[in-house]
Amino acid sequence: MPRRLTRVCRASFAGVPFLVKDLGQEYAGFPTSNGSRALADDVAEGHALVTQRFLDAGLVIFGKTNTPEFGAKGVTEPELWGAARNPWDIARTPGGSSGGSARRSPRAIVPAAGRQRRRRLGPDPAACNGLVGLKTSRGIGPYGPQTGEVMFGMVTQGVVSRTVRDSAALLDAIIGPDQDAGYAAALPPVPFAEMITRRPGTLRIGYSSSSAINAHPDREAVAAVESAAALLTELGHEVEEVSPPHDDEALARDFLTIWFAQLHGQVADAKWRLGLTRQSLRGRHAGVRRARSGGRDAPADPVARKRQRLHPRLAAFHETYDFLLTPTLATPPIEVVRSRRPTDSRAPRGWGEGAGRKAARSDGNARPAHH
């Protein structure tokens, strides 16, 4: 049995203003649009478990944040709500799919906001906006009861905040036993907020700025990795440059296959649950339609197997290294006008409307995020 982590001081965030994401964080009595016009009136009958835990912690939820339609893109520009923009440069994207959460946090509206994290390609909201993002392991953050585990556990619940301290304390507020979870992970033996005060000892860290997806990352991305590696060395850790333990292009194809199949399932479920017609869904963004088409044509059994392909290599790598340090983005956040082009939803080669296109390409921004 996983150790049960007691969540002490349940109202530790009493009175703190907070925003939940308009995707996977349902609030009873209010719509959860998933960024889609077709779901604009889809009122939640009950709170999502993660929303309830935010409320139990004393957070005051007063709104929802923008998200790309069905969370399908790495930029936040749904037709329903319009484009979210980067607070540091409004001509650029705040990333996605939690772009609305990241857009609000650094502008003194709220100190943190709800988000989901996924193994992904494209602009990461925390990196785009200079915030703290942490993807927990599968089975730690709660999902449900409206939906179960998403993308075989590659999507997890969490927050985006301004400080490591705030992220740690907020994660302590939401993690815990979930009797409806499809997978139960061992919970940390002590709260995250306490864990960050402890010295980690000497860590062995491998770093790399090379990528098969983007052969020439922006020099700022490379400099950020090298600067972090130098700082970690100065702090006494063992740091060395390594070759990536996996094939980036294969990772991109496998990830997009699973992502698009998940998107097809989301749309199909909405049609069945709400009795939507093909006509009512016709306004979906072109990139979403193309991605969903690819997911419809993806062979079912290989989708379930693809997530296992990289596990042995990564497990072997982490027998030697505690962490793999890489750029989060290959380029600075792209411009909003440019990101309107549906080029970051290209289906894997050989099936769907994206057949014959290079799956890994994403306006030059694509890079797997490793945490």
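The values are calculated or read from the model by the stated rules, or taken from the named source; none is laboratory data. Source: prediction; values computed, not measured. When we count neighbours, we look across all protein chains shown, and the Cβ atoms used for this are built from the backbone with ideal geometry, even at glycine. Side chains included, ligands, DNA and RNA excluded: accessible areas come from the protein's heavy atoms. Shrake-Rupley method; radii C 1.70, N 1.55, O 1.52, S 1.80 Å.
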*Taking THR233 as the residue in question, decide whether it is part of a helix (DSSP H, G or I), among the hydroxyl-bearing types (Ser, Thr, Tyr) and either at pLDDT 95 or above or open to solvent by 80 Å² or more (accessible area, probe 1.4 Å) (or both).*
yes
*Pick out the one residue from ILE90, ILE109 that is at pLDDT below 90 and open to solvent by 30 Å² or more (accessible area, probe 1.4 Å).*
ILE109
*When only residues in the stretch 166-215 that are polar (S, T, N, Q) and within 20 Å of ASP56 (Cβ to Cβ) count, which is least open to solvent (accessible area, probe 1.4 Å)?*
SER167
*For residues that are assigned to a loop (DSSP other than H, G, I, E, B) and at pLDDT 90 or above, scanning just the stretch 63-74, find the one that is most open to solvent (accessible area, probe 1.4 Å).*
ASN66
*the stretch 191-206 - residue that is within 25 Å of the chain's Cα centre (by Cα) and touching a residue at least 40 places away in the same chain (Cβ under 8 Å) and, of those, farthest from PRO177 (Cα to Cα)*: GLY206
*Confirm whether LEU19 is modelled with pLDDT under 95, part of a strand (DSSP E or B) and open to solvent by less than 50 Å² (accessible area, probe 1.4 Å).*
yes
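Yes/no per residue for (1) hydrophobic (A, V, I, L, M, F, W, C); (2) over 18 Å from the mean Cα position of the chain (by Cα):
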residue	(1), (2)
VAL75	yes, no
TRP88	yes, yes
GLY96	no, no
GLY100	no, no
_Just to check your reading of the model, which residue among GLN146, GLN157 is in a strand (DSSP E or B) and either among the hydroxyl-bearing types (Ser, Thr, Tyr) or within 25 Å of GLY96 (Cα to Cα) (or both)?_
GLN157
*May I ask you to list pairs of residues, at least six apart or on different chains, whose Cβ atoms are under 6 Å apart, with the first in the stretch 31-54 being within 17 Å of ALA268 (Cβ to Cβ) and among the polar types (S, T, N, Q) and the second being part of a helix (DSSP H, G or I) and open to solvent by less than 30 Å² (accessible area, probe 1.4 Å)?*
ASN34/PHE70; SER36/GLU69
